[in-house]
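The block underneath contains the structure these notes are about, expressed in structure tokens.
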Amino acid sequence: MPDIRSAVLSAWEAAWDRGEVDRLDEVMTDDFVRESAASGSRTDLAGHKREILEVRAAFPDLTTTVEKLIIDGDDFAIFWSTTGTFTNDLGEVPATGTRVHTRGSNQGILRDGRIAFERVTWDQSEMLADLGVPSLRAAFDATADSIVDDLSGDFAREALKGFNRQFITGVTVVTTTDAEGRPRGLAANSYASVSLDPPLVLICVQKTSSTYPALFHSQHLGINILGTDQRDTLATFASRDPHKFASVQWHAGPKGSPLIDGSAASIEAEIKERFQAKTHTVFIARVIHADVGEAVPIVYKAGQFYDGASLTEL
Ligand SMILES: Cc1cc2nc3c(=O)[nH]c(=O)nc-3n(C[C@H](O)[C@H](O)[C@H](O)COP(=O)(O)O)c2cc1C
């Protein structure tokens, strides 16, 4: 009869590295409970076995290393790390083919020489970095250096400004609601249509914008193309006025994003990606609702605004 220490190590390796999950029966009680320290969610032994098999299906070459196993009376702690290639989709998360490394620790209680309970603390930051996903904190931090790509460069600022001044756009107001449900928004001309199928759009927002925290945490946003009668609205939303919506009429889109009445056109979209680009975040969003009005859009070029009705066709 092996001691509990070598039994745990052997069953752990069999289950995680070879998918022999029933070996866990040797070291876990029938009423075993596994709890996530992060979410508080709990699984029983059968659920835990299913989880291991799902993870192994996504990472078929998974290998685990037990860094340290401490057993002290009925208390135990195990420190582990795992490496594997993300080969097949895991639930709704598409496979990336990336080699991923993650680590964690389980702290628990033994009963009659078997594990009766364990609480798992799992550090996802290494894994997310391997997958190219920066941590939310770093993504949110305006001062954080680029985590994934080196975006530095010393191209002449004036030359790029000159290039941008030759580019003609419309002007939008990007909107959302904050944690208290209050409408928030800012003027933005960085709108671009990404694709029609799927219906994706992008908008690029500076992290120092007062609207940014609400936008970053939102699931949805509104984009309103301003018309020539909305010159005042444009000035309001290009400012940092904390009460921008006091002076405009608006209504909520299907998911609650503020849509400004009288706009040339408005959409509501579900935020799908938040790409970090140093000082700015590029939001990619899937359109779920569109209103196209009769108002003539404002035209913006090189810091000046023009009447979209008096364009001359080439
Ligand atoms: C024509 C125009 C286009 C703008 N485009 C953007 C943009 O694409 N992204 C951005 O972050 N700010 C853009 N701004 C600047 C913001 O509107 C401005 O910084 C505003 O004060 C932000 O308000 P907030 O800090 O209350 O969010 C633009 C301003 C103007 C006038």
Original post:
Per the Cauchy relation, a quarter of the hull surface: what is the mean projected area of the convex hull of the alpha carbons in segment 4-133, in nm²?
Top reply: 7.3
Original post:
Which of rounded, prolate, oblate describes segment 157-310, given a ≥ b ≥ c as roots of the alpha-carbon gyration tensor eigenvalues and a/c under 1.5 marking rounded, otherwise prolate only if a/b is larger than b/c?
Top reply: rounded
Subject >> Reach of Lys49 by Cα under 27 Å, taken over lysines that are not fewer than 8 positions away in the same chain >> reply: Lys68
Original post:
When only alpha-carbon atoms count, how far does the chain stretch along each of its three principal axes, as whole angstroms with the largest first?
Top reply: 89, 42, 34
Original post:
Along segment 180-193, what does the Karplus equation 6.51 cos²θ - 1.76 cosθ + 1.60 (θ = phi - 60°) give for ³J(HN,Hα), rounded to whole Hz, x for Gly and Pro?
Top reply: 8, x, 7, x, 9, x, 8, 6, 8, 10, 8, 4, 8, 7
Original post:
Once amide H atoms are built 1.01 Å from N in the peptide plane, which residues 5 or more positions from His289, or in another chain, come under 5 Å H to H?
Top reply: Glu268
**OP:** Relative to the longest principal axis of the C-alpha atoms of the chain, give the angle of the C-alpha long axis of helix 45-58, reported between 0 and 90° and rounded to the nearest 10°.
**Re:** 60
Subject >> Solvent-accessible heavy-atom area per residue, rounded to whole Å², over segment 1-125 at 1.4 Å >> reply: 55
Original post:
In terms of modelled amide H atoms, which long-range or inter-chain residues lie less than 5 Å from the amide H of Thr29?
Top reply: Ile115, Ala116
Subject >> Distance from segment 273-314 to segment 8-77 (C-alpha centre basis), Å >> reply: 52
Subject >> Protein accessible area in the chain, 1.4 Å probe - carbon and sulfur % >> reply: 53
Subject >> Net charge dipole size for segment 182-296 [Lys, Arg +1 and Asp, Glu -1 on Cβ; Debye, nearest 20] >> reply: 600
Original post:
Between Thr98, Thr233, Leu196, whose Cα lies farthest towards the positive end of the dipole of the chain when Lys and Arg beta carbons carry +1 and Asp and Glu beta carbons carry -1, centred on the Cα centre?
Top reply: Thr233
Original post:
For the chain, modelled as a Gaussian network with Cα springs under 10 Å, which listed residue fluctuates most, Asn164, Asn224, Asn189?
Top reply: Asn164
**OP:** State the number of lysine pairs found in segment 157-310 whose Cα atoms come within less than 26 Å, restricting to pairs 8 or more positions apart or on distinct chains.
**Re:** 12
Original post:
Can you list the GluC sites (Glu not before Pro) in segment 1-59 that are in a DSSP coil and have 16 or fewer other beta carbons within 10 angstrom?
Top reply: Glu20
Subject >> Of the trypsin sites (Lys or Arg not before Pro) in segment 167-273, those whose Cβ has at most 13 other Cβ within 10 Å and which sit in DSSP loop >> reply: Arg240
Subject >> Gyration tensor verdict on segment 237-314 (Cα atoms; rounded if a/c is under 1.5, prolate if a/b is larger than b/c, oblate otherwise) >> reply: rounded
**OP:** May I ask for the angle, rounded to the nearest 10°, between helix 4-18 and the longest principal axis of the chain, with both axes built from Cα atoms and the value confined to 0 to 90°?
**Re:** 50
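The values are calculated or read from the model by the stated rules, or taken from the named source; none is laboratory data. None of these values were measured; they are calculated from a predicted model. Note that each Cβ is placed from the backbone with ideal geometry, even for glycine, and that neighbours are counted across all protein chains shown. Quick note on the areas: whole protein, heavy atoms, side chains included, nothing else; ligands and nucleic acids left out. Shrake-Rupley method; radii C 1.70, N 1.55, O 1.52, S 1.80 Å.
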